[in-house]
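What follows is calculated from the coordinates using simple rules that are stated; it is not laboratory data. These numbers were taken from a predicted model, which means no experiment stands behind them. Cβ atoms come from the backbone with ideal geometry, glycine included; neighbour counts cover every protein chain shown.
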Amino acid sequence: MKKQKAVTLIELIVTMTLIMITSLLVLPVWHDKLQYEGMMSHINQLYVSLNYARRQSIARGYTVTVCGSSGLKQCDGQWSAGHIVFVDKDKSGQVKDDFDLLRVKAAPNHYGTWTWKSFQQHPYLQFLPSGFTRRQNGTFIYCPNNGDIKFASALVVSQSGRVRVERDKAKGCA
């Protein structure tokens, strides 16, 4: 009997077919996993910043503002580009001095967009030294770019300054 040194054509075709079938089954799951991780990255980043702003307002004894910012220097309501957290001594909702900036966060990816809908329709959120918001309860709605509602989510901010994540409040994406 001869010792075989190579792979036969039939073995190669069977192996390639199994690899293609496995790839076709795994790719949709991998895409959903990437979408989910992108969503969680967005949600966690904003959730942490909101809680940080609340804690800083209590610790510093001043109003602290969180706002969407495309340039990451001034408030412009563009939450999907990133957000800034700053000490807002005059409660104007605008950065007066770079030294007042506490946190600057660019959006972690481009899987989705944020919308802020609040009771007073301000494009920013302010925390008072008590930890409460400045009469602003509202919802941050995260909508994925692909339109798949299963990846939509919401951060709900109560007037007491508490933040919670909800999946069924994200119906504003549809």
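How much length is gained on full extension from residue 146 to residue 104, taking 0.36 nm per residue of separation minus their Cα-Cα distance? Numbers along the way, then the final one.
Numbers: separation 42, 0.36 × 42 = 15.12 nm, distance 2.68 nm.
Stretched fully, the residue 146-residue 104 segment lengthens by 12.4 nm.
I need the peptides 145-155, 75-85 ranked by packing, meaning the mean over residues of other C-beta atoms within 10 angstrom, with the highest value on top. All intermediate terms of the calculation are to be shown ahead of the outcome.
Values: 145-155: 16.8, 75-85: 20.5.
Per-residue mean Cβ counts within 10 Å order the peptides as 75-85, 145-155.
With a cut-off of 8 Å between alpha carbons and a minimum separation of six or more residues, what is the relative contact order of the chain in percent?
Values: 327 pairs, mean separation 30.9, N = 174.
Taking the mean separation of contacting Cα pairs over the length of the chain, I get 18 percent.
About the Cα centre, and with charges only on the beta carbon of Lys, Arg (+1) and Asp, Glu (-1), how big is the dipole of the chain? Nearest 20 debye, please. Please list the in-between numbers first.
Numbers: 22 positive and 12 negative charges, 79 e Å.
Using Cβ point charges on Lys, Arg, Asp and Glu, the chain gives about 380 debye.
Only helical DSSP H runs with n ≥ 4 go in: add -39500 (n - 2.57) per run for the chain, normalise by residue count and round the 222 nm mean residue ellipticity to 500 deg cm²/dmol. Let's see the in-between values first.
Details: 1 runs with 52 residues, N = 174.
Result for the chain, helices only: -11000 deg cm²/dmol.
Hey, in the chain, which Cys have no second cysteine's beta-carbon closer than 4.7 Å?
None; all cysteines have another Cys Cβ under 4.7 Å.
Tell me which trypsin sites (Lys or Arg not before Pro) from the range 1-86 have a DSSP coil assignment and no more than 11 other beta carbons within 10 Å of their own.
Details: sites: 2, 3, 5, 33, 54, 55, 60, 73; in loops: 2, 3, 5, 73.
Loop-located and lightly packed - 2, 3, 5.
Quick one: which of 105/150; 89/117; 33/91; 91/150 span more than 29 angstrom between C-alpha atoms?
Values: 105/150 25 Å; 89/117 24 Å; 33/91 41 Å; 91/150 37 Å.
The answer is 33/91; 91/150.
Top mean-square fluctuation among 101, 46, 24, Gaussian network model of the chain, C-alpha springs under 10 Å?
Comparing 101, 46, 24 in the GNM, the peak value goes to 24.
Restricted to Cα positions, what overall size does the range 57-173 have along the principal axes? Three whole-Å values, descending.
41, 29, 22
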